[in-house]
Amino acid sequence: MTAQSWAVFLGAFLLGALPTAAIVARAVAGVDIRTVGDGNAGARNTFCSIGPAAGVLVGLVDVGKGAMAVVLAQRLGEPAWVVRVSGACAVLGHDYSPFLRGRGGQGMAAILGILGMLYPWETAMGLLVAALMLALSRNWDLAWFAAFGLFALSLWFTGYTTAEALYPVWLLPTIGVRKLQQTWQAHKRLA
């Protein structure tokens, strides 16, 4: 691995760590996004706690952060595995932003940006599945779980390698870990 690869990982982490939700919530409503709603510094909490326009803005920027991490690694001529690890670094930066003392979002928007750059058609189909499941179940987590599972299967059945097909599944636990941590933090605040 080269020094450039390490620099790409660090750059992707710092790009992901930019606290979009905190900046927008402070600018629009004068609040710390970590103290309202579910305490998540992401697009969904911004949407619910600050407003739809602010939430959509945060979501778009967070999707862009994930996409940019992949594009920059690709443009620098990094191998495919470095491109994928740099995407994961962007998600980890978003989830554990040093600018928010290790707090952040759950990484869903950043993951969508990464997957959209690597697998555009499959990502579009995954979004349709998620929207359909959300409409049927009204359960955000179930909708995304189903979409990620079908997304990985679609990659495998359309000729991608097993490693490529498992990449979305590899990113999924970051969301689950953040959810568990945020639930624990919320529980501690209420206790």
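Laboratory data are not the source of any read-out in this text; all were calculated from the coordinates shown. Computed from a predicted structure; not experimentally measured. Heads up, the Cβs are rebuilt from the backbone with ideal geometry, glycines too, and the neighbour counts pull from every protein chain shown.
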Among the candidates Ala25, Ala53, residue that is surrounded by fewer than 20 Cβ atoms within 10 Å (Cβ to Cβ) and either among the aliphatic types (A, V, I, L, M) or within 23 Å of Trp144 (Cβ to Cβ) (or both): Ala53
Considering only residues of the range 29-48 that are surrounded by fewer than 16 Cβ atoms within 10 Å (Cβ to Cβ) and β-branched (Val, Ile, Thr), which is nearest to Asn139 (Cα to Cα)? Thr35
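Here is a yes/no grid of residues against (1) within 27 Å of Trp81 (Cα to Cα); (2) surrounded by 15 or more Cβ atoms within 10 Å (Cβ to Cβ); (3) of a type in the set (Phe, Trp, Tyr); (4) touching a Gly at 6+ places or on another chain (Cβ under 6 Å):
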| site | (1), (2), (3), (4) |
| --- | --- |
| Gly102 | yes, no, no, no |
| Leu115 | yes, yes, no, no |
| Leu118 | yes, yes, no, no |
| Glu122 | yes, yes, no, no |
| Gly126 | yes, yes, no, no |
| Ala131 | no, no, no, no |
| Leu134 | no, yes, no, no |
| Asp141 | no, no, no, no |
From the list Thr46, Thr123, exactly one residue is over 14 Å from the mean Cα position of the chain (by Cα) and β-branched (Val, Ile, Thr). Which is it? Thr46
Anything in the range 97-117 that is over 17 Å from Ala43 (Cβ atoms) and within 14 Å of the chain's Cα centre (by Cα)? List them, or say none. Met117
For Val63, work out the one condition from (1) surrounded by 24 or more Cβ atoms within 10 Å (Cβ to Cβ); (2) under 14 Å from the mean Cα position of the chain (by Cα) it doesn't fulfil. (1)
Report whether or not Ala67 is touching a strand residue (DSSP E or B) at 6+ places or on another chain (Cβ under 8 Å) and within 25 Å of Asp141 (Cα to Cα). no
